[in-house]
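> Below is the structure I would like to discuss, written out as structure tokens.
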Amino acid sequence: MKADMSNNLGLTYSGTPFSTPLKDVRALSRQMVGHFVETVAPCRTLPGDAIHGDVTSITRLCLELAVSMLDGADVPEKTRKLEDTAAQWAREGVPIDTIHHAIHEGFRLGLDLVVTSATNSYRRTVDGDEQMLALRREDYDNLVGAAKMVVDMLDTMTTAVSKAYVRELRSVVSEHHTAVHTLTSALLGGRPTSTMARESGIEIAERYHVLALAVPPHPEESNPMLDGAVVARRKLRRVQAALATGLPGDTALSLLSVDGGTLLIPATDDGAELDRLVDTLSQAAQVPITATVVTADTHDIPSAADRAHQLLDMVHRLRLVRGLYRFDDLALEYQLTRPGPGREHLGTLLDPLDPHPELLDTLQRHISNNLNRQRTAHALHIHTNTVDYRLKRIATLTGCDPTQASGLWYLRSALVARSYRQTSQPFTAELTVARIPVRDRADTR
């Protein structure tokens, strides 16, 4: 590219700087802003002080930057000012598409002014007829250089705005995340939260659904070809994103890790949407999430969270199906797991089955399958007659017949109590049995 840079004028045509039509930046910026209000739809929704203040200011700054680039002057300082202005807009919530629309529309206007000015310099009138003079070679080269410079200008401005906008948004998100983390920790710890709520701008509800979540590992976390920590963090980010979009407004408070954690959701209804929320989070995590929920007044959140996590531990020990469990679903099991002589006695009821692990496994499967012999046989890869034989052996060894209501009640209660005599086992892929309510004892053979 050839460019006439004599006297540090930058790009010129017929000895005139291309930047000449843009020199009156104050008047031109006011003209452009008026055009933005008429043609750039998002600008119409901005308040008047933003239009006549910030929008005009950033337009003037972009014009000054364009003039400097066309004139071959140093631009870093003006670029930094543009970044600072974009960061301020990000913090104030001005949409980034509004800024980019305005910049591009400004380029259309500015380019039209420059081209019109350059074209007029080659027009002359002879006997009332307008004629175009031949374009000199050096002017043609400078015109091509100016076109390339326009692309550079647009790249410089959009890059500066986008980089500053994203950087500021990350800062705002980090501040909000810290505020949420601090407030949630205070609520779970039973500490005063009024000051924190005012400082963070987060409204505290009168009652909360307190959810304890267990998020199992993603299958790719164990892939030796992948970084398991990266896979786990991506899983957590997907869950957090789904949580942010799955509830109205910014209402959920959370303390989450890649393995689970605690959610506090304002109890504005009966909690019917919580099952759907857990399903949504499971889809986002790409693994089946298990959750328990206890609803409590704000001042009772610490004890409610403790109870919710006790329920979650119980669901884990009992190897129940994934999903959401409420306290009502597990009230009997919860009581059976409380320490005392009753639990100790029930826990020993199944000791005669220790030398016969296949019998204990059959009992667990059969109860989980709601006493369906076919499903139990299919799960264990055995014949239904073998299931019947094993159930009779269980009755002989324990004195409790699993085919009778009273015997089944004792055996199931013993399984619950026994789970607290053993080390907690990790979640496994076999936890896919149908969820069976405690109160449903019907034989579905």
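The values are calculated or read from the model by the stated rules, or taken from the named source; none is laboratory data. Computed from a predicted model, the values in this text were never measured in an experiment. Cβ sites come from the backbone with ideal geometry, for glycine too, and all protein chains shown count toward neighbours. Quick note on the areas: whole protein, heavy atoms, side chains included, nothing else; ligands and nucleic acids left out. Shrake-Rupley method; radii C 1.70, N 1.55, O 1.52, S 1.80 Å.
> I'd like the projected area of the stretch 275-315, averaged over all directions, using the convex hull of its alpha carbons. Report it in nm² with one decimal.
Values: hull surface 13.1 nm².
Here the figure is 3.3 nm², rounded to one decimal.
> According to a simple spin-label model (label point 7 Å from Cα along Cα-to-Cβ), what is the distance in nm between ARG393 and LEU169?
Between LEU169 and ARG393, the simple spin-label model gives 6.3 nm.
> If we count every other residue with Cβ under 15 angstrom of ILE382's Cβ, Lys/Arg +1 and Asp/Glu -1, where does the sum land? Working shown, then result.
On the way: positive: ARG365, ARG373, ARG375, ARG390, LYS392, ARG393; negative: GLU358, ASP361, ASP388.
Around ILE382, the surrounding residues sum to +3.
> Put a dot 7 Å past each Cα toward the Cβ at ASP279 and HIS104; how far apart are the dots in nm?
Going by the 7 Å Cα→Cβ label model, 3.9 nm.
> Next question. May I ask you to compute the full-extension gain from ASN385 to GLU203, defined as 0.36 nm times their residue separation minus their alpha-carbon distance, rounded to one decimal in nm? Write down the numbers at each step before the final one.
On the way: separation 182, 0.36 × 182 = 65.52 nm, distance 6.07 nm.
Gain on stretching ASN385 to GLU203: 59.5 nm.
> Kindly state, as a whole number, the per residue volume in cubic angstrom of the convex hull around the alpha carbon atoms of the stretch 237-357.
About 130 Å³ per residue, rounded to a whole number.
> Here's a follow-up. Take the Cβ-Cβ distance between GLN88 and ASP328 as r, set R0 to 41 Å, and report the resulting FRET efficiency rounded to the nearest 0.05. Provide the component values of the computation, followed by the final result.
On the way: r = 51 Å, r/R0 = 1.26.
E(calc), rounded to 0.05, equals 0.20.
> While we're looking at this one, here's another question. Within 11 Å, Cβ to Cβ, of ASP297, how many net charges do the neighbouring residues add up to if Lys/Arg are +1 and Asp/Glu are -1? Before the final figure, lay out the partial values.
Working: positive: ARG207; negative: GLU206, ASP300.
Local net charge: -1.
> Roughly how much of ARG91 is accessible, in Å² to the nearest 10, using a 1.4 Å probe?
Rounded to the nearest 10, the figure is 120 Å².
> What spacing in nm lies between the two simple spin-label points modelled at THR195 and ASP361, each 7 Å away from Cα in the Cβ direction?
A separation of 5.9 nm, rounded to one decimal place.
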